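*Asks:* Encoded as C-alpha cells, here's the structure I'll be asking about.
The values are calculated or read from the model by the stated rules, or taken from the named source; none is laboratory data. Here the structure is a predicted model, which means the values were calculated and not measured. In this analysis, Cβ positions are derived from the backbone assuming ideal geometry, glycine residues included, and neighbour counts consider all displayed protein chains.
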Amino acid sequence: MYNTIEIENFRGISQLKLIDTKQVNLIVGKNNTGKTSVLEAVFLISGISNPQLPFNINTTRGLNFLADQDEAFLIYHKLNYKNPVKIKAKLDKQVRELLIKPIIQSESQASTVIEKDLLTKNILNTVLNNQATDGYDYEISITDENKKTEKYNAIIYPQGLMFQQQIAKGYRETIKCNYVNPSNILLQLPQGLNEIIINKKIDKIIGILNKIDTQIKSISVGTNGLIYCDIGLDKLIPINVMGDGIRRILSLITTINLSKNGIVIIDEIENGFHSETLPILWRAVFMAAKENNVQIFATTHSYECIEAFKDAYHFDKQENDFARLFRLEKNEKNIFNVSSYDQEMINTATEMNWEIR
C-alpha cells in the first residue's frame, strides 16, 4: 500500500503531497481544489508502465484526444508541457517515480506525408500544423527496499487513426488498480459479479445488501447481462427495479472484491446514494477493503458522507490508523495545503462543526 504520494505539474496541481496515507483514504475540499486530479495521479502511478492511461483519464472527463490532439496538453500544469508531470509514490518496500513528457513531432523531426493538393492551397501562415503534442513519453524509475533502482521507458503516439505504442521492456506491473467514477460505476458490474458468483463469494455481498434490503435472498446474472434478485416472489426480478443505490453499492463492493491486494479509486463516492444509505456504504467499503487487503482512495464533497465515514469507522471499532481524511485547500497563489485527520481529529472536527468539506 502507498504511504506517501507526491504530485508535481499535473493538471491544476503545481505541487501537492499526501503523507501517511492509510488503507482507506477520503479526500475532501472545495470545488477546484484538485480532488479528482489526486485520484488520477494515483491511477497513473499505479499503472506506471501503461502510457495509455493519460488518454483514459482524459476520456473520463469527456475529452477526445483523436478529435483534438491539443487536449493531450491538458495533463500538464497550466498547459506548459516544458514542466513535465512528476508523480512519486512510496510503499513499504518500493519507491516508484514517473515522469511524463510530451512527444512533439516538430521537435523530434518526425517525417510526414503531405498531400499534393495541400501545397496548392493559399495558406499564408508560417506555423506548421504538426506542432501539437502527439503523445506521451514515460520515464519510469523503480527503487526496491535494497535501494536498487531500475529504469524503464514507454511511449505512445497516434499514427493516423491508429496508435503506436512501445511498452516498458522488461517491466511487469505488480499493482492492480481500478478507477470508479459516476459515469463508469455500473459498466463492468455483470462481468465482475459473474466472476464472484463463480468463485463462490456471493454470500458475503448478499449479507451487505441485506443491510439495505432484507428481502434479497440471492443474486444471479442472466444471459442478457441483466442482474436478477430473488426477493421471495414467484420470479426473479431485475435489480434495476430495486433502486439505483442497490446497484451502485453492489458495483463498488464487487470492484473491491475483484481488486484483492490492489488499489481501488472512487471519485464522488456519495454519488447516487441517499444520505441514510451512506453509513451502510462505508461499513461495506471498510469490510471489503479489510477482507481483500485493498487500499481505497475516495473523494466526496458531501458533509453527510463525511459524517457517515466517521460513524462507520467508529461503529466497526477499526484501529485508529486504518483510515485518514485529507482536506485539500488552495490559496490565491495556487499553493496547496493538505490537512490530515485521524479518527480522533475527525470526531473533534464534526463535534465542533468545523468546516472540513
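Results for (1) at positive phi; (2) acidic (Asp, Glu); (3) touching a Leu at 6+ places or on another chain (Cβ under 7 Å); (4) outside the structural domain of Asp134 (by TED's automatic domain parsing), shown as yes or no for each residue.
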{"site": "Asn3", "(1), (2), (3), (4)": "no, no, yes, yes"}
{"site": "Leu18", "(1), (2), (3), (4)": "no, no, no, yes"}
{"site": "Lys30", "(1), (2), (3), (4)": "no, no, no, yes"}
{"site": "Gly34", "(1), (2), (3), (4)": "yes, no, yes, yes"}
{"site": "Phe43", "(1), (2), (3), (4)": "no, no, yes, yes"}
{"site": "Phe55", "(1), (2), (3), (4)": "no, no, no, no"}
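*Asks:* Follow-up question, since we're still on this one. Residues that are in contact (Cβ under 8 Å) with a residue 12 or more places away in the chain, out of contact with any Ser or Thr (no Cβ under 7 Å at 6 or more places or on another chain), surrounded by fewer than 18 Cβ atoms within 10 Å (Cβ to Cβ) and part of a loop (DSSP other than H, G, I, E, B): does segment 84-98 have at least one?
*Replies:* Yes, segment 84-98 contains a residue that is in contact (Cβ under 8 Å) with a residue 12 or more places away in the chain, out of contact with any Ser or Thr (no Cβ under 7 Å at 6 or more places or on another chain), surrounded by fewer than 18 Cβ atoms within 10 Å (Cβ to Cβ) and part of a loop (DSSP other than H, G, I, E, B).
*Asks:* Can I ask one more? Of the residues Val42, Val24, only one is out of contact with any helix residue (DSSP H, G or I) (no Cβ under 9 Å at 6 or more places or on another chain) and either among the aromatic types (Phe, Trp, Tyr) or within 23 Å of Val95 (Cβ to Cβ) (or both); which? Give the steps one after another, and end with the answer.
*Replies:* Values: Val24 fails: out of contact with any helix residue (DSSP H, G or I) (no Cβ under 9 Å at 6 or more places or on another chain).
Only one candidate passes the filter, namely Val42.
*Asks:* Quick one: would you say Tyr152 is touching a Lys or Arg at 6+ places or on another chain (Cβ under 9 Å) and among the hydroxyl-bearing types (Ser, Thr, Tyr)?
*Replies:* yes
*Asks:* For Leu26, work out the one condition from (1) surrounded by fewer than 20 Cβ atoms within 10 Å (Cβ to Cβ); (2) of a type outside the set (Gly, Ala, Ser); (3) over 25 Å from Arg172 (Cα atoms) it doesn't fulfil.
*Replies:* (1)
*Asks:* Could you list, in sequence order, all residues of segment 2-27 that are touching a Phe, Trp or Tyr at 6+ places or on another chain (Cβ under 8 Å) and in a strand (DSSP E or B)?
*Replies:* Asn9, Phe10, Ile13, Ser14, Gln15, Leu16, Leu18, Val24, Asn25, Leu26, Ile27 - these are the residues of segment 2-27 that are touching a Phe, Trp or Tyr at 6+ places or on another chain (Cβ under 8 Å) and in a strand (DSSP E or B).
*Asks:* Residues of segment 164-201 being among the hydrophobic types (A, V, I, L, M, F, W, C) and either closer than 30 Å to Glu40 by Cα or surrounded by fewer than 14 Cβ atoms within 10 Å (Cβ to Cβ) (or both), which ones?
*Replies:* The answer is Ile167, Ala168, Ile175, Cys177, Val180, Ile185, Leu186, Leu187, Leu189, Leu193, Ile196, Ile198.
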